[in-house]
Amino acid sequence: MKSFQRGHEWLAGAETIASPMDLEGINEAVEYGGRIREEFSLQKGEIFLNHGSFGAVPKCVQQVQRRYLDEMERHPDDWYRRNAYTYWQESQKAAADFMHCEQEDLVFVENTTAGVHTFEMEIQFPIFSEDEICEKYEDFFQSNPNTKIAIIDAITSPSAVVMPLKRLVDLCHRYGVMAVVDGAHAVGTLPVNLTELGADVFTGSFHKWLFTPRGCGMLYVKQEHHTWVRPLVTSWFHGLSLDKQFFLVATADQTPFTTAKYAFEFYQRIGGMDKIIGYASSLATEAHEYILKKLQAEPLQIPQSMESPTMRVIRLPDLPQYPCTREGSIAFHTDMRNKYNIQCAIELIQGHLHLRISTQVYNTMEEYKRLADCLLEVIQTSRKP
Ligand SMILES: Cc1ncc(COP(=O)(O)O)c(C=O)c1O
């Protein structure tokens, strides 16, 4: 550790702040499902119904990141020793305001996966009520009294189920269990107030639904855990405050973090959560109903209160050319992309292939109708003798 700088002489502060992004024409009046698509780089002619996997970065946010990268390349020492920390803190403040917590309790990490995995509980479908989930957790804690940490998905990944988060966090605490929330899909789609939630740790991926560049996740750590939580890699600022330790986890690209502030600004400028999620969830409901009817398919059996605002899951019929395996799901996904120019997630859940659609401001109902037509064609072709 001798050769490591201790940070006191570093972090002197930026002399120049990168210019704000070009927001001309971006405001609440921008037409969802229409003009707004031009704000993204998504390939023309491609139907992109899988925002949930990797997000999509608006052009103006990409532009800000490029400015930061230019600045870093012009003077790497100025960037790492002085300027980046100021920018990073500005983004940290914007993220903490958005997530309703103290600035010092929130740091950036590359993604949600950088969180910890200690136990996973198997959730089976159908689910009839939120109570059922809480009872499963409670049974687990009662039969495993040594449980120390629980990881709770705010929204599950392939199945897109919204968990009764506050109830589960409170339950953990009743049993003396530390509550760690995997909020990968929750940030930007559900109104999360970290102070009220009371989780010990909360991680999320801003690059999914908040339009930041990829590689921009967050980690909230309740004050009482600051003393022992550390980055996965011990680096330059070992032993300093939580935010300094996470600011410089060795030499890495921090521009996704410094750019985050502007991605939040984009999100607010186009209408904020009420408008964005209002649009996406109406579209999800309409698209879900349409596809179910067209394919005469089964929805995933969950109560309405547990449906994700921006994703829906539909069981696909078992088809001979797509075995219900990981390979089958990849083949189905690839065919949808190559034959029809449609990106949608095909997931393996409880031994059957399922379609997972995402809805975002740039999507339209026409796109889901086209998806339903193409799926019907795949199904009918496959059933021909
Ligand atoms: C619940 C959950 N956790 C973690 C992840 C992984 O996110 P990331 O790749 O940003 O780490 C996902 C991705 O879809 C997810 O749904």
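Odds and ends about this structure:
- Database remark: amide H of Val181 closer than 5 angstrom to the amide H of Ile152, Val201, Phe202, Thr203 (H placed geometrically; neighbours at sequence offset of 5 or more, or on other chains; Pro and chain starts carry no H).
- Counting beta carbons within 10 Å around each of Ile270, Ile155 and listing the fewest first gives the order Ile270, Ile155.
- Shape call, the chain: gyration tensor on alpha carbons, a/c limit 1.5: oblate
- Exposed loop sites here mean chymotrypsin sites (Phe, Trp or Tyr not before Pro) with a DSSP loop assignment and at most 13 other beta-carbon atoms within 10 Å; the chain contains its longest site-free run at 229-385.
- Applying the Karplus relation 6.51 cos²θ - 1.76 cosθ + 1.60 with θ = phi - 60° to segment 347-352 yields 3J(HN,Hα) values of 10, 9, 10, 6, x, 9 Hz, where x marks Gly and Pro.
- Couplings for segment 196-206, taken from phi via the Karplus curve 6.51 cos²θ - 1.76 cosθ + 1.60 with θ = phi - 60°, read 6, 5, x, 5, 6, 9, 9, 10, x, 10, 5 Hz in order; Gly and Pro are left as x.
- Under 5 Å from the amide H of Ile349 lie the amide H atoms of His354, each residue being 5 or more positions distant or on a separate chain, with H modelled from the backbone and absent for Pro and chain starts.
- Table column - 3J(HN,Hα) (Hz), segment 221-228, Karplus curve with 6.51, -1.76, 1.60, x for Gly and Pro: 10, 4, 2, 5, 9, 4, 5, 10
- Centre separation in Å (Cα based) which lies between segment 224-248 and segment 20-74: 32 Å
- Between Gln321 and Glu298, the simple label model (points 7 Å from Cα in the Cβ direction) yields a spacing of 2.4 nm.
- Sorted fewest first by neighbouring Cβ atoms within 10 angstrom, Asp182, Asp253, Asp131, Asp243 come out as Asp131, Asp253, Asp243, Asp182.
- Between Glu73 and Ser53, the simple spin-label model (points 7 angstrom out along Cα→Cβ) gives 2.9 nm.
- Label-point gap, in nm, between Ala252 and Ser305 - each point 7 angstrom along Cα→Cβ: 3.8 nm
- When Thr203, Thr251 are arranged by Cβ crowding within 10 Å, least crowded first, meaning fewest neighbours, the order is Thr251, Thr203.
- Within the chain, percent of DSSP bridges classed antiparallel, to nearest 5: 70 percent
- At least 15 Å along the helix axis (C-alpha) and Kyte average at least -1.0, DSSP helices within the chain: 84-99, 255-269, 272-295, 365-383
- Residues whose amide H lies under 5 Å from that of Val161, counting only those 5 or more places away or on a different chain, are Thr156; hydrogens are built 1.01 Å from N in the peptide plane.
Only the coordinates and a few stated rules stand behind these numbers; no lab work does. Only a predicted model underlies this, so the values are computations on that prediction, with no experimental measurement involved. A quick note on method: Cβ atoms are made from the backbone with ideal geometry, for glycine too, and the neighbour counts reach across all protein chains shown.
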